[in-house]
1. Of everything in the range 184-196, what is closer than 14 Å to residue 118 by Cβ and among the hydrophobic types (A, V, I, L, M, F, W, C)? Give them in sequence order.
2. Only one of 48, 19, 38 is farther than 26 Å from residue 162 by Cβ, modelled with pLDDT of 80 or more, in the same structural domain as residue 64 (by TED's automatic domain parsing) and buried (at least 17 other Cβ atoms within 10 Å of the Cβ). Can you tell me which?
3. For the range 625-657, what are the residues that are crowded, with 21+ Cβ neighbours inside 10 Å, closer than 24 Å to residue 410 by Cβ, more than 18 Å from the chain's Cα centre (by Cα) and at pLDDT 70 or above?
4. Do you know which of the residues in the range 157-178 that are part of a loop (DSSP other than H, G, I, E, B) and closer than 17 Å to residue 390 by Cβ is farthest from the chain's Cα centre (by Cα)?
5. Assess whether residue 199 counts as being more than 18 Å from residue 116 (Cα to Cα) and touching an Asp or Glu at 6+ places or on another chain (Cβ under 9 Å).
6. Give 378, 351 a once-over and let me know the one that is among the small types (Gly, Ala, Ser), at pLDDT 80 or above, surrounded by 15 or more Cβ atoms within 10 Å (Cβ to Cβ) and not assigned by TED's automatic domain parsing to the domain that holds residue 34.
7. Tell me which residues, restricted to the range 545-559, are in a helix (DSSP H, G or I) and surrounded by fewer than 16 Cβ atoms within 10 Å (Cβ to Cβ).
Amino acid sequence: MGYHDRDLSSFVTDVGDGIVHMDLAVEGVRCAGCMAKIEKGLAGLPGITRARLNFTSKRLAVEWSDGAIAPDTVVGTLRDLGYRAHPFDPGAAKSAEAAEARRLLKGMAVAGFAAMNIMLLSVSVWSGNITDITPETRDLFHWISALIAIPAVAYAGQPFFSSAFAALRARRVNMDVPITLGVLLAMGMSLAETFTGGRHAYFDAAVMLLFFLLVGRFLDMNMRRRTRAQAENLAALKGETATKIMPDGSTRLVPVSAIDPGDRVLIASGDRLAVDGVVDVGTSEIDQSLVTGETAYAAVAPGDRVYAGTLNVTGSLTVQVTAAAKGTLLDEVNTLLEAAQTARSNRLRLADKAARWYAPTVHTAAALTFLGWVLLGASWQMALTTAIAVLIITCPCALGLAIPAVQVVASGLLFRSGVLLNAGDAVERLAEIDTVVFDKTGTLTLPEPVLADPGAVAPEALRMAARLALSSNHPLAAALKVHADGLAPVAGAREETGRGVAAAIDGIEHRLGSAGFCGVSADAARAAATDASSLVWYRAGEASAVPIAVSQGIRPDAEEAVRLIAERGLATMILSGDRAAAVDAAADRLGIEDRRAGLTPADKIAVLDALKAAGRKVLMVGDGLNDAPALAAAHVSLSPVTAVHLSQAAADAVFLGDSLMPVVRSIDISRRARRAMDQNLWFAALYNVLAIPIAVLGFVTPLVAALAMSGSSVLVTLNALRVRMGPDRLGIAPQPKDGA
């Protein structure tokens, strides 16, 4: 039983709040105009809350109020629009794309071979027409060309013909309609000329047009497939099973769906993690390269967070689960990636609108050209030839590719640089910024605290404090846990929430926590306090308590990232809710002069509003709950993947790993992408402004029109590929300060 015979209700999922969701694979999507027609057509159905088509994967995400319509209604509406749809299956979609790629390659081979042979005959006819070719020889060459062209066009033109006829059956037009009309008219007129012994035939134009169009379509498909390969590799990291530790201590291999937060799982050496969680027992090294982009192995010990999709390299670990089937870092990355693929930019929306008007405009221009030349006394052959040239040369393929081609390349570069878009126009807004505003805590600094000066603490005191920290859930304890060196927690340790951990070892009570918990007087605590660090105290028995300074370390490449941002002519600023001393310490180290401390969320928004009023366009980089309003208020925003969910939702893009360099890369790539988008739009517009009058006046033959139109599409695609060729492939090298 195939998809088309199955009950579609089994593919509908409940997403909450009375909304249901269904993913469909849509066949026959050829251009941006198709996307607009599908989304607009479905938006008219009662209860539809969202309809978004991913042009890269042909995946349509539809959401509607539960009970408002039946799933069959959605598929039926698509059928009425001229598109065949069925439940989305990633494996089937990949197979279908591979089959389509083979089909395009075969069509290219047939059209290319036919075009070369027909051109040899055409050159003989052209030269003979101005010398001494006999009518019989010319007719023979035309007949041979026809015998080559007819089967070649019938085979190579199938991708365009089937799409055009499906559109016409649905009483609409798409980009393939003028292509089909131009090819068939050129073939029909050429056959008429051949039958009547005419001097000119345009079999070469029809075949070459198909060849170059197939080249452009194959290049476009190949770009999209290569970009999506990164996402497919990431999705493949998601494990389906895990070894669950049962209440009686036994282990059992179970599906991830049977694991809940709070459960404990065993991760053997060499296993890939299927869950997010916190290490409970054991130490190891984790390969996070395929998830965060960090190539160096990360050492983990009890208390450290680990993520689904990472690889446990050395020791065995027992992990307490925080997220399993849903809500893992890997799920969030995939969600953001899908959002980026379906998002629309302002320039793409502009191209969509232009493409929707293009087909009727082209047909009208061709018809008026034919009538105009007939009224001026030209022969019907000459009038039709000119109309065909207009039809071919004005095909909106270049305009249709102008923005999507750049978006595909840019999104691929951003993804490989560790940046996932969450807004369609984020690339354009990133390219416009002149100021970068950073939050401090968790953004310029690492999310996990570290010891400010481990060498200042006696080794034995540090060792015992680290063992006690293994029994604490306090955030500052995480800074000590990494120094446990594989030691087990102290048996019988007890934690007093908000105060500290105490345990008896060899009859001596050891304490780790606040000053009061460790018996330190208020005066002594004030004397030991530092402006830039927090203090954790350790005390063994009646000995004097030892202060341990804990701070949040600056991200490893923050200084380099800030320097590169300044070299690009961008102003930098820190807006933080932290203490002034801590903010000053980080700002001085990074060389950021403009810094504000002790700010509330409202204060941050007020600063951003003031910058906006002064004409500044701000990139806000933040991660905390209090940063979410500022992220939403900024011109464009970025958030690290370690940010809280609300901040990620408010941000226009999310970057992976502990590095700040993705911020620099996103700026560089966005600048190059916006320039390429603008160049493509201007080129497409200028091409048509120049080409249409020349074609209407009869100065262009169908062959020249085919070459010009196909060449414009190829040039737009090649210009999009130039986005990859920046100052360096990662976009790290300095650019001129005006971004030119």
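The values are calculated or read from the model by the stated rules, or taken from the named source; none is laboratory data. Quick caveat, the model's predicted, so the values are computed rather than measured. Positions of Cβ are backbone-derived with ideal geometry, glycine not excepted, and every protein chain shown enters the neighbour counts.
1. Scanning the range 184-196 gives 186, 187, 191.
2. Answer to the check: 48.
3. If the condition is that a residue be crowded, with 21+ Cβ neighbours inside 10 Å, closer than 24 Å to residue 410 by Cβ, more than 18 Å from the chain's Cα centre (by Cα) and at pLDDT 70 or above, then 631, 634 are the ones that fit.
4. 173
5. Against the criterion (more than 18 Å from residue 116 (Cα to Cα) and touching an Asp or Glu at 6+ places or on another chain (Cβ under 9 Å)), residue 199 qualifies.
6. 378
7. Within the range 545-559, 559 is the sole residue that qualifies.
To keep it simple, each residue is scored yes or no on (1) within 15 Å of residue 461 (Cα to Cα); (2) free of Cβ contacts under 8 Å to residues at least 60 places away in the same chain; (3) in contact with a Ser or Thr (Cβ under 9 Å, 6 or more places away or on another chain); (4) not hydroxyl-bearing (Ser, Thr, Tyr).
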position	(1), (2), (3), (4)
518	yes, yes, no, yes
536	yes, no, yes, yes
553	no, no, yes, yes
558	no, no, yes, yes
578	no, no, yes, yes
